[in-house]
Protein chains: 2
Amino acid sequence: MSTVNSTPSDAPSRDAAARAVPDRDVSAYGQVRAMIASGELAAGAWLRETTLADRIGVSRTPIREALNRLAAEGLVDLSRNKGAQVVDFSTEDVAGLYDVRSGFEPHAVRLSVPHLTDDDVAELASLSVRMEAVVANGGDMDGLSALNAAFHGIFIERCGNRHVATALQAVMRPAVVAHTFRKYSEAALRRSMQHHAELVAAADARDGEWAEAVMRTHILAARNAAGDAPSPR
Amino acid sequence: MSTVNSTPSDAPSRDAAARAVPDRDVSAYGQVRAMIASGELAAGAWLRETTLADRIGVSRTPIREALNRLAAEGLVDLSRNKGAQVVDFSTEDVAGLYDVRSGFEPHAVRLSVPHLTDDDVAELASLSVRMEAVVANGGDMDGLSALNAAFHGIFIERCGNRHVATALQAVMRPAVVAHTFRKYSEAALRRSMQHHAELVAAADARDGEWAEAVMRTHILAARNAAGDAPSPR
DNA sequence: GCATGTGAAGTTGTATGCAATGTCTTGACG
DNA sequence: CGTCAAGACATTGCATACAACTTCACATGC
């Protein structure tokens, strides 16, 4: 980070969820988001405030705040006086997101690599290893999504401009609920993990151009693996 | 648009503010945002919930929703148990946003032009004329920002992918509060208005490539006019 | 004089009650 | 039998009250 909020004490609430791997976020927002990410709340499902409030064990007020924030982030659709429902990602939506990411994220990576601390690289490496472990165990694709979001989030947060970071987060977030990893083939998963490892290597070498190239490869491969042909431009 | 929300009846509340020119948005969100855009609430100023509630004439509840949304959009900073303050855009922040926009918005424009209806083009033309009128009268730069946001918003909303639109809106929004037009020279303002007129012409001709080129020119010129040298890459 | 602890004031976080709006069922009428 | 209207139900929007936390001032001890 650059300008504001460098002390750990006054971390804004949204950083707590955006940062690294959310070790079970206890906030209403975090819980609702986790339900969406896990598929417990399916696409198109209505989110009733009282239902969620009862399930999470708080009143409607924090639930409403969570829904508003999720709506601002594009994870739920709000209709006035009718309620919120989980967004439904069409194939075109997902393809569009990959288009945007392929244009921006490599750039962000090149900007961020020079700013990475040794700790950042260590965390990237850790996340990469943990993701490989999940894949090796044939495990939990949604957990993998969370780790993946944390991995990519590190680059985005360190890109040197907080507003650019915010905008890029807006592009990244929907990926959490799109369940793209579930569509991956075994080979595509393995390739994706290799890209992560190579990104760690490039980051460790502080080679922004290398990292940028790998990231572009990574995203274009992902667009294919998610089951979408390259969109005509 | 593709999947959800094609009927006009159930338009989500945030569309009301994002759409076209907000003819004085009466929602708490709209009012607070207008205060920020007008400079009535300066950068760095603390936003006290009770103060805003009294001034706008509602209770704290809708104020809190507004602040949460503005925080998600990156227009205010939230600190838990401390409150919200208007973001302070550094020169680097603005430059970074122009970098991002120069990368994406031309692309979005090329995608959107084929989708534009005659009504869309007419509205673009109307906005362009109104902006020229403001400049000719030497008038209100913040009003100009609003018109400009509406102008660019039309292209973004019609780009064919709602999530791409959301992401680009995230990049655009800060421009409203950065008061960039105030820094423009007379010549830069005039040039900017010419770009708008040419964008209308390209849109009217449904020539996406032309529009894309003009938009790239427009943004790069704006980056300069806002007082920033091209950022080193 | 400086650091530290304690208290009060102010502000945000949450819960709850009520009004307004939307939806669905049920009944009557053509 | 189909259509429409009216009312009951469910849900959201807003206001208010209280609890928790932060911050600032002031006094106290070193």
Name the residue from A:Met131, A:Gly153, A:Ala225 whose Cα lies farthest towards the positive end of the charge dipole of region A:119-233, charges +1 on Cβ of Lys and Arg and -1 on Cβ of Asp and Glu.
A:Ala225
What average number of partner chain Cβ atoms lie no more than 10 Å from the Cβ of the residues making up B:69-80?
5
Where the only charges are on Cβ atoms (+1 Lys, Arg; -1 Asp, Glu), what is the dipole of region A:152-233 about its Cα centre, to the nearest 20 debye?
320 debye
Which of the aspartates and glutamates could a cross-linker bridge to A:Lys82, judged by Cα under 20 Å and excluding same-chain residues fewer than eight apart?
A:Glu49, A:Asp54, A:Glu65, A:Glu73, B:Asp10, B:Asp15, B:Glu65
Which distances in nm, rounded to one decimal and ordered from shortest, link the label point of A:Lys183 to the equivalent label points in the other identical copies, with labels set 7 Å from Cα toward Cβ?
4.1
Cα convex hull of region B:23-86: mean projected area in nm², to one decimal?
4.0 nm²
Protection-proxy order for peptides B:162-170, B:195-203, each taking the mean of Cβ atoms within 10 Å per residue, highest first:
B:162-170, B:195-203
Express the relative contact order of chain A as a whole percentage, based on alpha carbon pairs under 8 Å and six or more residues apart in sequence.
25 percent
With each run of n ≥ 4 DSSP H residues scored as -39500 (n - 2.57), what mean residue ellipticity at 222 nm is computed for chain A after dividing by its residue count and rounding to the nearest 500 deg cm²/dmol?
-20500 deg cm²/dmol
How would region B:91-225 be classified by its alpha-carbon gyration tensor: rounded, prolate or oblate, with rounded meaning a/c under 1.5 and the a/b versus b/c comparison settling the rest?
oblate
Starting from the coordinates of the alpha-carbon atoms of chain A, obtain the Kirkwood hydrodynamic radius over all distinct pairs and give the value in Å to one decimal.
18.4 Å
To one decimal place, what Kirkwood hydrodynamic radius in Å is obtained for the protein assembly as shown from all pairs of distinct Cα atoms?
22.9 Å
List the distances, in nm to one decimal, from the label point of B:Gly138 to the label points of the same position in every other copy, shortest first, placing each label point 7 Å from Cα along the Cα-to-Cβ direction.
7.7
Label spacing, shortest first and in nm, from B:Thr61 to its equivalents in the remaining copies (7 angstrom along Cα→Cβ):
1.1
Tilt of helix B:141-157 relative to the longest C-alpha principal axis of chain B, in degrees (0 to 90, nearest 10)?
70 degrees
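Only the coordinates and a few stated rules stand behind these numbers; no lab work does. Predicted, not measured: the structure shown is a model, and the values here were computed from it. Backbone-built Cβ (ideal geometry, glycine too); neighbour counts: all protein chains shown.
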